[in-house]
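I have placed the structure first, in the form of structure tokens, so that the comments after it can refer back to it.
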Amino acid sequence: MITFSVERKTSLAPEEICNDIFDVDKWSSFVGYGPIPGIARATMNAPERSIIGRKICVENTDGSKHVETIISYVPQECLVMRIAEFSPPLQNLATHFIERWDFSGSHPEYQIVRRFELYPKSRWMALPLWIISRILKVAVVKHTDQLANQTNA
């Protein structure tokens, strides 16, 4: 497993950030970095009673695809998603990723900790996946900064 995390302070409450995450029309704000593609579009399966188990189908700007599944959500505290069902070339390198958002603090300043776990398909794929993780972290830093610096307009 390969891990990294990003921490940021924000004036936005956790529910505001999660509302943006749950609004798939806003997912194209992830623009990627270098060889890491941005998100072209995302669609969520029909809303159900529980947010747990919802699947978001993602098409990236390079035509690649993956599915993100919400596996845990505790309002005001954390959100965990499993990223899998990768199209090539990532399907050859990784089985899945786990993305975890942890929230703490209170008005006027909240803390976001965004953690990623990347699971290589084999020990031979760990090095190329580690290289990808370093570039992905830059993209995640940019995206997290963008989210954290939004205003409540």
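Quick notes on this one:
- Based on alpha-carbon atoms, the Kirkwood radius and the radius of gyration of the stretch 25-103 give Rg/Rh equal to 0.97.
- Semi-axes of the equivalent ellipsoid for the stretch 69-153, computed as √(5λ) from the eigenvalues of its C-alpha gyration tensor and ordered from largest down, come to 28, 15, 10 Å.
- Prolate/oblate/rounded call for the stretch 1-44, Cα gyration tensor, a/c under 1.5 rounded: oblate
- One chain, two ends: GLU109 and ILE51. Fully extended at 0.36 nm per residue, the span grows by 18.3 nm beyond their Cα-Cα distance.
- The residues neighbouring GLU109, those whose beta-carbon lies less than 12 Å from its own, together hold a net charge of +2 under the Lys/Arg +1, Asp/Glu -1 convention.
- The stretch 1-133 - Debye-derived log10 I(q)/I(0), Cα point model, q = 0.10, 0.23 Å⁻¹: -0.34, -1.54
- Summing charges over all other residues whose Cβ lies under 12 Å from the Cβ of PHE22, with Lys and Arg as +1 and Asp and Glu as -1, gives -4.
- From helices alone, the chain scores -7000 deg cm²/dmol at 222 nm; the rule is -39500 (n - 2.57) for each run of n ≥ 4 DSSP H residues, then divide by the residue total.
- Carbon and sulfur %, accessible surface of the chain computed with the full protein complex present, 1.4 Å: 55
- The equivalent ellipsoid that matches the C-alpha gyration tensor of the stretch 18-67 spans semi-axes of 22, 11, 8 angstrom, in descending order.
- Inter-part distance where the stretch 78-153 and the stretch 1-63 are each reduced to a Cα centre, Å: 10
- Within the shell defined by Cβ-Cβ distances under 14 Å, the residues around LEU129 carry a net charge of +3, with Lys and Arg each +1 and Asp and Glu each -1.
- Size of charge dipole - the stretch 19-153 - debye, nearest 20, with Cβ of Lys, Arg +1 and Asp, Glu -1, no other charges: 440
The values are calculated or read from the model by the stated rules, or taken from the named source; none is laboratory data. Note that the coordinates shown come from a computational prediction; the quantities given were computed from them, not determined experimentally. Please note: Cβ atoms are built from the backbone with ideal geometry, for glycine as well, and neighbour counts cover all protein chains shown. What goes into the accessible areas is simple: the full protein's heavy atoms, side chains included, and nothing from ligands, DNA or RNA. Shrake-Rupley method; radii C 1.70, N 1.55, O 1.52, S 1.80 Å.
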